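Comments concern the structure below.
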Amino acid sequence: MPRFDVLSLFDGYFAPLREHGICRRAFDSGAMQLQVWNPRDYASGVHRCVDDRPYGGGPGMVMLAEPLERALDAAQRARRNAGLVTAPVVLFSPAGAPLRQTDVQRWADSDGAVLVCGRYEGVDQRFIERSVDCEISLGDYVLSGGEIAALALLDAVARLLPGVLHSAESAQQDSFSDGLLDCPHYTRPPRDAHGAEVPAVLLGGDHARIARWRRDRMLRLTLQRRPELIAALRAAHRLSARDEAALSAAD
Ligand code: 9D3
């Protein structure tokens, strides 16, 4: 059961996670724990300052190391008091490694982590070098801080935890967990008001044929939209001869 401790100047981002959907279920069932620590509460002086101007000049502000360090100490102490060993410290930053489903699965199987959400132009490098174990990004676009990235990780982890999803199969059948994009889905009616029909194979009840159709559609869609994912599966010898046949028929 992972426990996550989040360091954030905007702790209000994390309350809704406990209130909705699959994440709420993960917290209510005790499958995942979350505690949020605000570095502002660990800042010194009457002004409780958490940032300052960058040495060398330039735009924006930089987060002070000290309030982060003290909030991190409080979080690690609380974890120790709960019987856990010191957790790895993750910093969300545009310079991090893009988050992948394999990483999400590892966090779901772990005791959790301390998640540090950067704000402003960044965090004093001395905090990163002293205290951060890895840096994670959500992708190559600019966010205003690490909170949305932390929420994405927590959401992705929550749905993998035992007893949280309706069907254990859903997580197993995920797009990405097998390295492919998902196939199209259909539900009632079989012919809609626009006259559009559901592919006949899905209505036929031949489950082997349905499984083959779905696999072929996943392979074709992935080749069209994310050819690098097909290349990675090929390199890992995770495509069968009939997968290759479906791909040749596709182009
Ligand atoms: C021009 C330099 N900018 C780097 C792209 C400065 C900068 C912009 C935005 C520094 C920090 C941020 C705030 N972003 C995050 O903290 C962040 C982030 C992101 O912006 N994109 C993708 N993933 C992440 S994780 C944290």
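A few comments on the model shown:
- Principal axis dimensions, largest first and in whole angstrom, of the stretch 56-144 by Cα: 44, 31, 19
- Rounded to the nearest 10 degrees, the inclination of helix 207-225 to the longest alpha-carbon principal axis of the chain is 60 degrees.
- Shown here for the stretch 68-148: GluC sites (Glu not before Pro) in loop regions (DSSP other than H, G, I, E, B) with at most 15 other Cβ atoms within 10 Å, namely 121.
- Remark: accessible surface ordering of 55, 186, 42 (largest first) is 55, 186, 42, probe radius 1.4 Å.
- Here the stretch 173-250 exposes an accessible surface that is 52 percent carbon and sulfur, computed with a 1.4 Å probe and the other protein chains kept in place.
- Under the convention that each Lys and Arg Cβ holds +1 and each Asp and Glu Cβ holds -1, the size of the dipole of the chain around its Cα centre is about 580 debye.
- For the stretch 3-118, the Cβ-based charge dipole about the Cα centre amounts to some 180 debye (Lys, Arg positive; Asp, Glu negative; other atoms uncharged).
- Taking 0.36 nm per residue of separation and subtracting the current Cα-Cα distance, fully stretching the chain between residue 241 and residue 202 would add 11.7 nm.
- Amide H contacts of residue 112 (H built 1.01 Å from N, in plane; Pro and chain starts excluded): 3 sit under 5 Å, all sequence-distant by 5 or more or on other chains.
- Per-residue [θ]222 nm for the chain (sum of -39500 (n - 2.57) over DSSP H runs n ≥ 4, rounded to 500): -11500 deg cm²/dmol
- Dipole magnitude of the stretch 178-251 about its Cα centre (Cβ charges: Lys, Arg +1; Asp, Glu -1), debye to nearest 20: 80 debye
- Solvent-accessible area, 1.4 Å probe, carbon plus sulfur percent, for the stretch 9-78: 51 percent
- Loop-located trypsin sites (Lys or Arg not before Pro) in the stretch 1-62 (DSSP state other than H, G, I, E, B) with a sparse environment of at most 13 neighbouring Cβ atoms within 10 Å: 48.
- Amide H to amide H distances under 5 Å link residue 36 with 6, where only residues 5 or more positions off or on other chains count and H is placed in the peptide plane.
- Put simply, the Cα atoms of the chain extend 71, 42, 40 Å along their principal axes, the longest span coming first.
- In the context of the full set of protein chains, residues of the chain present 58 Å² of accessible surface per residue (probe radius 1.4 Å, heavy atoms only).
The values are calculated or read from the model by the stated rules, or taken from the named source; none is laboratory data. Just so it is clear, the structure is predicted and the values come from calculations on it, not from any experiment. Virtual Cβ from ideal backbone geometry, glycine too; neighbours counted across all protein chains shown. Surface areas here come from the heavy atoms of the whole protein model, side chains and all, with no ligands, DNA or RNA. Shrake-Rupley method; radii C 1.70, N 1.55, O 1.52, S 1.80 Å.
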